[in-house]
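In what follows, a structure is listed as structure tokens, so that the remarks can point back to it.
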Amino acid sequence: MKTWALVVDTWREALARYTLLGFLAVSALFLLVLTFALNLDVVDGALAAGTLFGKAFELPAKGPAITSVVAAGESVFAGMLYVLGVFLAVFATGSQVPNLQRRGTVDLYVTRPIGRTHLLLGRFLGAVTLVSANLLVLCGGVFVIVSAKTGVWNPRFLAASALILVVFLAYLGFMYLIGVVTSSTPLSIMLPYALYLISVPLVAHDRLAAAMDSRLAAGVVNALYWVLPKTAEIGRDLTAYVLGKGTPAVLPLASTAAFGAVCLAAAVLAFNRKNF
């Protein structure tokens, strides 16, 4: 019951601060644009004609199979939603821990018969449910629109949303750590974005390390690669999976999840030792 109350409080805070409505508004706008911008004509299982934002596709004499077109298009959308979903989720949840630690709010919570670990993890669970619901609306909406327009239902696209959630959970653990240590909403939002951008080029860590002029610098590059989330690798695996060209590799997912778990554990430890 206490955990459920913390989850409900998380949703109430998101509604009161309009972050939930903002997330839903951006998702609804994206889906509305997609609905009216994409038009496809399917004849005998092949794409005969199509327009995007009023501009016609250039097709060969015999149109490609609609299943191939859908898989290719959904892989592009999956890549877009991978970036958009994570960035929106970070923005929507970045203020949770700093707001929790504000005078008056934290005093109210710590005087209740609930442990600090339970409190922080309950809020974490609330954030997970909040973002999961929004990702379901965003990814599920794209899935329904594209499938309804083409008659092709590709469940791999929906499964890809789980990969987006795994990456977000890693960044959420990092956000909680930054939030507990600094109590700063701007830092809780900006640092995950910076981490996201830093992690992308590390996919080429071997080449980057080889270009360094010292072993120390090369070691730092390789260490960062193994410690930080594997953003680029998971994004690549996500699009390949939607295309039906493979399954996501375990190592990038496991190391990314481990990063988030370690950050969350450190956040819980710091939260329990903090004076309020």
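A value for Cα extents along the principal axes in Å was derived from the coordinates, and within the list (1) 71, 52, 27; (2) 53, 45, 33; (3) 48, 42, 37 it appears as (1). With Cα atoms defining each centre, the stretch 175-233 and the stretch 92-132 are spaced 27 Å apart in the structure. Taking the chain as the reference, fit the longest principal axis to its C-alpha atoms, fit the long axis of helix 66-93 to the helix C-alpha atoms, and give the angle between the two in degrees, 0 to 90, nearest 10. With both axes taken from Cα atoms, the answer is about 20 degrees.
Over the residues of the stretch 131-276, compute the C-alpha Rg and express it relative to 2.2 N^0.38 Å. Mind showing how you got there, number by number?
Details: Rg = 18.0 Å, N = 146, 2.2 N^0.38 = 14.6 Å.
Ratio of Cα Rg to 2.2 N^0.38 Å: 1.23.
Could you state the angle between the C-alpha long axis of helix 215-227 and the longest principal axis of the C-alpha atoms of the chain, as a value from 0 to 90 degrees rounded to the nearest 10? For helix 215-227, the angle is close to 80 degrees.
Once the Cα-Cα distance is subtracted from the 0.36 nm per residue extended length, the TRP153 to TYR193 segment shows a gain of 11.1 nm.
What is the chain's relative contact order, in percent, from Cα pairs under 8 angstrom and six or more apart in sequence?
23 percent
Calculated FRET efficiency, VAL76 and ASP206, Cβ-Cβ r, R0 25 Å, to nearest 0.05?
For R0 = 25 Å, the calculated efficiency reads 0.35.
For the chain, with only Lys/Arg (+1) and Asp/Glu (-1) charged at the beta-carbon, what is the dipole magnitude about the Cα centre, in debye rounded to 20?
Working: 19 positive and 11 negative charges, 170 e Å.
In total the dipole reaches around 820 debye.
The amide H of ILE114, built 1.01 Å from its N in the peptide plane, has no neighbour under 5 Å, considering only residues 5 or more places off or on other chains.
The length gained by stretching the chain between VAL137 and THR3 to full extension, at 0.36 nm per residue less their Cα-Cα distance, is 45.8 nm.
Farthest towards the positive end of the charge dipole of the stretch 2-273, among the residues SER161, LEU135, THR185, is the Cα of THR185, using unit charges on the Cβ of Lys, Arg, Asp and Glu. The modelled label-to-label distance between VAL220 and ALA266, using points 7 Å beyond Cα along the C-beta direction, is 1.7 nm. For the stretch 91-245, the relative contact order comes to 27 percent (Cα pairs under 8 Å, sequence separation of at least 6). Ranking TYR241, GLN96, ALA204 by how far each Cα lies toward the positive end of the dipole of the chain (charges on Cβ) leaves GLN96 at the top. Between HIS118, GLY73, LEU31, the Cα set farthest toward the positive side of the dipole of the chain (charges on each charged residue's Cβ, about the Cα centre) is that of HIS118.
For the stretch 84-181, the Kirkwood hydrodynamic radius comes to 15.1 Å, computed from all pairs of different C-alpha atoms. In degrees from 0 to 90, rounded to the nearest 10, what is the angle of the helix 19-37 Cα long axis to the longest principal axis of the chain? Rounded to the nearest ten degrees, it is 10. Residue separation of TYR18 and LEU84 scaled by 0.36 nm, minus their Cα-Cα distance, works out to 21.9 nm of gained length. Label reach from VAL181 (point 7 Å along Cα→C-beta): in the stretch 242-264, amide nitrogens under 18 Å belong to 258-264.
Bear in mind that the values in this text are calculations on the coordinates, not laboratory data. Bear in mind the structure is a predicted one, so any value in this text is a computation, not a measurement. For neighbour counting, all protein chains shown are included, and Cβ atoms are generated from backbone atoms with ideal geometry for every residue, glycine included.
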